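> Have a look at the structure that comes next, please.
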Amino acid sequence: MSQTTPASINEEVINFCKEIDFSRRPLFVEVIPVKGYMLGDCYGNVKNHIKQNGGNVQYGWIIWEDPNIYLEAEFHSVWVNDKGEYIEVTPKVDNEDRILFLPDSERKFTGELIDNIRKPLVDNDYTRKLVQSGKINFETKNRLYRESLGVKKKKIGRNEPCPCGSGKKYKKCCLVS
């Protein structure tokens, strides 16, 4: 799998982003990793960066692409400097120099994990299994995360708001598989 930042903001990317937050547009954000910041800890890194440098946090989604196979959105935070510029301060494993970021107009990080949003670009067994394995991976990660905090799993009612933060009822969102 060669998941990476999309090379351009094409029609498929725009439509995918509209499904996540219709009111916002994706933009490329420069990656300026800060030495000593942890891989994968965007929330802690941005919080530290604000303490040291001022500015604000912007929550949203990094958009990843496996070209011609699928798109994936990962909930994330970036630092906003005093000029209003978005900057990615969290180091990247693959040393990318920019990310595609979709600011979210409503969702905030509250300490609860948020599953990635995946959209196959082709419908075949491989992409269906890829999307399903992503869901299973998140469920395992979330269970272990909750257990580490000593949180008991609460049963979600079919008509309750979906815990993913989509604003839809659970039965019309993540319960549907």
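> So, taking all protein chains as they sit and a 1.4 Å probe, how much accessible area belongs to Thr4, in Å² rounded to tens?
Counting only protein heavy atoms, the figure is 50 Å².
> Report the charge-dipole magnitude of the chain in Debye, nearest 20, computed about the Cα centre from +1 at each Lys and Arg Cβ and -1 at each Asp and Glu Cβ.
That gives the chain a dipole magnitude of about 1140 debye.
> I've got another one for you. Going through region 1-60, which trypsin sites (Lys or Arg not before Pro) have at most 10 other Cβ atoms within 10 Å and a DSSP loop state?
Lys35
> Tell me which GluC sites (Glu not before Pro) from region 8-60 have a DSSP coil assignment and no more than 14 other beta carbons within 10 Å of their own.
Within region 8-60, no GluC sites (Glu not before Pro) qualify (loop, at most 14 other Cβ atoms within 10 Å).
> Within region 1-99, which chymotrypsin sites (Phe, Trp or Tyr not before Pro) sit in a loop by DSSP and count at most 10 neighbouring Cβ atoms inside 10 Å?
Taking region 1-99 and a limit of 10 other Cβ atoms within 10 Å, the loop chymotrypsin sites (Phe, Trp or Tyr not before Pro) found are Phe22.
> Could you work out [θ]222 nm for the chain from helices alone, using -39500 (n - 2.57) per DSSP H run of at least four and dividing by all its residues? Round to the nearest 500 deg cm²/dmol.
When only DSSP H runs of four or more count, the value is -9000 deg cm²/dmol.
> Report, to the nearest whole %, how much of the accessible area of the chain belongs to carbon and sulfur atoms, 1.4 Å probe, protein only.
C and S atoms contribute 51 percent here.
> Top to bottom by accessible area (1.4 Å), largest first, where do Ser23, Ser77, Ser8 land?
Of Ser23, Ser77, Ser8, the descending order of accessible area is Ser23, Ser8, Ser77.
> Straight-line reach from Lys83: which lysines fall under 28 Å, measuring Cα to Cα and dropping same-chain residues less than 8 apart?
Hits, sequence-local ones excluded: Lys18, Lys35, Lys47, Lys51, Lys92, Lys108.
> For the chain, count all C-alpha to C-alpha pairs, find those more than 28 Å apart, and express that count as a whole percent of the total.
Considering the chain, 25 percent of its Cα-Cα pairs are separated by more than 28 Å.
> With only alpha-carbon atoms counted, please give the Rg and Dmax of region 99-143, in Å.
13.2, 35
> Further, regarding this structure: Work from the charge dipole of region 61-142 (Cβ charges, +1 for Lys and Arg, -1 for Asp and Glu, about the Cα centre) and give the residue of Ile87, Asn137, Leu100 farthest towards its positive end.
Towards the positive end, the residue furthest out is Asn137.
> Mean-square fluctuation check for the chain, GNM, Cα pairs under 10 Å: which of Val46, Val93, Val78 is largest?
Greatest mean-square fluctuation among the candidates belongs to Val93.
The values are calculated or read from the model by the stated rules, or taken from the named source; none is laboratory data. It should be emphasised that the depicted structure is a prediction, and the values quoted were computed from it without experimental measurement. Virtual Cβ from ideal backbone geometry, glycine too; neighbours counted across all protein chains shown. The area values use the complete protein model at the heavy-atom level, side chains included, leaving out ligands, DNA and RNA. Shrake-Rupley method; radii C 1.70, N 1.55, O 1.52, S 1.80 Å.
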